[in-house]
Amino acid sequence: MHLRTDCGVCCRYLRPMIKYERLTLKNGLQVVLHQDMTTPLVAINMLYDVGSKDENPEKTGFAHLFEHLMFGGSDGAESFDDPIQNAGGECNAFTNSDITNFFSILPADNLELGLYLEADRMHRLTLNKKSLNVQRSVVTEEFKETCLNQPYGDMWHNLAPLAYKEHAYKWPTIGLEISHIDQASIDDVGSFYQNYYGPNNAICVIAGNFDRELVTEMLDKHFGSIPARTRPQRLINREPAQTESRKLTHHSNIPVDTLYMAFHMPGRTEANYYPSDLLSDIMASGKSARLYQKLVRELKICTEADAYITGTIDPGLIIIEAKPSNGHTLEEIETAVWELLKEMAEHRLSDRELEKHKNKIESSICFSNISILNKAMNLAFYELIGEPELINTEQEKYQEITADDMLEAARVIFRGDNCSTLYYRRARG
């Protein structure tokens, strides 16, 4: 008998539970604390419940613009980065359709500095023409570099509005048009700041080496006096069920034609999210996955084949992406993909294949929770969706999936009338 050493099994039986404590300040700031006294560091994650889905369709890109503006200084600090770096730490941020997330990691002795800086930019961010002009220039250059001047950069500008007709996911996080950022005024950004950057629209997670009593004193000291703000009512149109196949051909200056196929799938808080997520792994996680084996290795009609999910809170997308090898066409690839999807919707997975991919996901979850920063970010997101205990139990959601669950998910998702297909072709001449 051999002792099984795959990480999925190790994580399942040996991984300690992640302990945390939840607090809410009087102004509505939600706080999650996770102590880890084995590290000399502390991570601070500040999640704001605002993403590109909260924008006005005539003024998009504001959530991403604010990711940059929040590093431009506040009344108590000319910049955010410099004090963090001078204290031996580092910081960064990201924005997506659902959230704007800021994070720092510091030596534990400098925790209060990090909390002071976060509180100061929440309450007294520097918003003037100079700071706006600087960050507006940075964001417009990023738009040009990543969307206009980079091959495949405008893919999401074409695929998203093809797949979404009503929901605000139909425009990219960076913005629908560069003019929306170019024309942003002080009044525009001031209103956005007042609407979304108050304590009652934020989740603060502190993870690492700290004294619980001292950290609660620090939180009250730096955040307690910040007044709650009136949050605007979130009015986002629900995307109706897609009832017909959609296709678009887009020509651009790209090196190789590429096929994109987008299928609607459940949102992050729905029970069927987990088998849907696992479907994308079975199709594209490693060279033993279905897409690579079929399209690249067996048929040799593709040089690359991938699948991934958007993972959004509201219903999202599974996206299949494939590039043809010499002498083969997007039409040929699309036909082969549909044959593969038909097989997945008609035949149950073997126990061995299902278990292999569940263990891969469990290993990924296990490793993601080793870092205190990852734990802080995960706790913040889980708190946002109302399920902080997922930090300990999400792997069980995957382990509970059956072959019948996978078969049903494939049948529901991989339908022609649920598919939006983008033929992204090289511009000729």
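Points worth noting:
- The residue of region 23-32 that is farthest from the chain's Cα centre (by Cα), among those that are part of a strand (DSSP E or B) and in contact (Cβ under 8 Å) with a residue 24 or more places away in the chain, is L23.
- Residue within region 151-158 that is touching a His at 6+ places or on another chain (Cβ under 8 Å), in a loop (DSSP other than H, G, I, E, B) and of a type in the set (S, T, Y) present: no
- Only one of the listed residues (Q135, Q194) is surrounded by 16 or more Cβ atoms within 10 Å (Cβ to Cβ) and either not basic (K, R) or not assigned by TED's automatic domain parsing to the domain that holds L41 (or both). That residue is Q135.
- Number of the exception - A305 against (1) surrounded by fewer than 19 Cβ atoms within 10 Å (Cβ to Cβ); (2) more than 29 Å from A168 (Cβ to Cβ): (1)
- Number of the condition not met by S288 [criteria: (1) among the hydroxyl-bearing types (S, T, Y); (2) out of contact with any Cys (no Cβ under 8 Å at 6 or more places or on another chain); (3) at pLDDT 95 or above]: (3)
- Condition met for I391 (within 19 Å of L23 (Cβ to Cβ), among the β-branched types (V, I, T), crowded, with 21+ Cβ neighbours inside 10 Å and assigned by TED's automatic domain parsing to the domain that holds H264): yes
- Test: residue in region 385-395 that is of a type in the set (D, E, K, R), part of a helix (DSSP H, G or I) and touching a residue at least 40 places away in the same chain (Cβ under 8 Å): no
- Residue in region 180-197 that is under 19 Å from the mean Cα position of the chain (by Cα) and of a type in the set (D, E, K, R) present: no
- Residue match in region 258-266 (condition: surrounded by fewer than 21 Cβ atoms within 10 Å (Cβ to Cβ) and either more than 30 Å from D49 (Cα to Cα) or at pLDDT below 95 (or both)): no
- Selection status of P240, surrounded by fewer than 18 Cβ atoms within 10 Å (Cβ to Cβ), in a loop (DSSP other than H, G, I, E, B), modelled with pLDDT of 95 or more and not assigned by TED's automatic domain parsing to the domain that holds V412: yes
- Check on E331, free of Cβ contacts under 8 Å to residues at least 60 places away in the same chain, farther than 20 Å from W156 by Cβ and of a type outside the set (K, R): yes
- Top-ranked residue in region 46-65 [being touching a helix residue (DSSP H, G or I) at 6+ places or on another chain (Cβ under 6 Å) and acidic (D, E); ranked as surrounded by the most Cβ atoms within 10 Å (Cβ to Cβ)]: E55
One line per residue, one yes/no per condition, for (1) out of contact with any Gly (no Cβ under 7 Å at 6 or more places or on another chain); (2) surrounded by fewer than 19 Cβ atoms within 10 Å (Cβ to Cβ); (3) assigned to a helix (DSSP H, G or I):
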{"residue": "I18", "(1), (2), (3)": "yes, yes, no"}
{"residue": "H34", "(1), (2), (3)": "yes, no, no"}
{"residue": "T39", "(1), (2), (3)": "no, yes, no"}
{"residue": "I44", "(1), (2), (3)": "no, no, no"}
{"residue": "E67", "(1), (2), (3)": "yes, no, yes"}
{"residue": "F103", "(1), (2), (3)": "yes, no, no"}
{"residue": "L111", "(1), (2), (3)": "yes, no, yes"}
{"residue": "A119", "(1), (2), (3)": "yes, no, yes"}
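The values are calculated or read from the model by the stated rules, or taken from the named source; none is laboratory data. Predicted, not measured: the structure shown is a model, and the values here were computed from it. Note that we place each Cβ from the backbone using ideal geometry, even for glycine, and neighbour counts take in every protein chain shown.
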